Structures are given as C-alpha cells and as structure tokens.
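I have placed the structure first, in the form of structure tokens, so that the comments after it can refer back to it.
What follows is calculated from the coordinates using simple rules that are stated; it is not laboratory data. As the structure is a prediction and not an experimental result, all values here were calculated from the model. Every residue, glycine as well, gets a Cβ built from its backbone with ideal geometry; the counts of neighbours run over all protein chains shown.
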Amino acid sequence: MLLTALAGSRASAQLQPPTIEAQSFGSKMAMASAGDLRFLAARSRFGDSGKISVYRIQKNSTVDGTPVLEAEFTRSGANNGDDFGDSIAIRGASDGSVILAIGAPRANDRRGLVSVHRRSTAGV
C-alpha cells in the first residue's frame with residue numbers, strides 16, 4: 001500500500017555528488033528529524049574509502065525545502081580499503097541537536113572503527 005501511494009509522487013529534490021570524483025553517491029543513506037530540521041546523510045565512494053555528506057532540509061519552510069550541504073566527513077589518515085561510511089546512523093532530538101555515527105569496518109587492520117559526531121543546536 002505504501003508503494004502505491006509513492007508511485008504517483010515525484011521527487012521534491014534531487015541531490016548530486018558534492019564532487020566529480022565521487023562514485024556511487026547515495027549507496028548508503030540515513031535520515032533524521034531534529035526540531036524543525038531534517039538531516040540526510042549520504043555516502044560517496046572514493047576507491048574503497050568514502051565520504052559522508054550531510055544535508056540540512058528545513059521542514060515546513062516557505063521555500064521549497066531544498067537540501068543544503070551542512071558538513072562532510074572523511075576519516076583522517078584513512079588508507080584506501082577502510083570502507084569508511086559502509087554504515088551510517090543518524091539521530092535527531094527535538095532541540096535540533098544531531099548525533100551521526102559512521103562505520104569503517106575494514107579500518108585498523110580490519111578490526112573496524114566507528115566515529116561519532118555531534119551537531120549541537122548551534123551547528124556542526
């Protein structure tokens with residue numbers, strides 16, 4: 001039933017990769033609400049590593065709710081093959097704060113790594 005409802009809808013925005021070198025933009029995504037904002041985190045691949053781009057979307061705005069690039073995350077000193085961004089989780093709170101967790105399962109000699117980032121109500 002949900003698919004039937006979505007079948008007649010159209011995209012309100014289409015995002016492009018933030019850089020031309022990006023591959024497989026949107027291969028991993030997560031979305032969360034925080035106060036009157038929505039946040040969309042999308043992964044781009046760069047070889048076997050990745051970059052997470054976080055977009056802010058105003059809810060109930062008089063504008064069209066166009067996504068705005070808020071932040072980008074890469075792993076400092078990342079070696080090709082760490083698979084940074086293979087998993088993404090994002091959670092928002094009613095005060096506008098957001099917590100983003102990004103997994104790199106092949107980092108640290110394949111032992112893995114999770115980096116956690118927090119956006120306060122003042123911004124990233």
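A compact table of results
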item: Contour excess over end-to-end distance, with Cα ends at ASP95 and LEU69 and 0.36 nm allotted per residue; result: 7.3 nm
item: Summed residue charge, Cβ within 9 Å of LYS59's Cβ, Lys/Arg positive, Asp/Glu negative; result: 0
item: Pairwise FRET efficiency - ASP109 versus LEU15, Cβ, R0 = 30 Å, nearest 0.05; result: 0.30
item: Gain upon complete extension [MET29, SER120; 0.36 nm per residue less C-alpha separation]; result: 30.7 nm
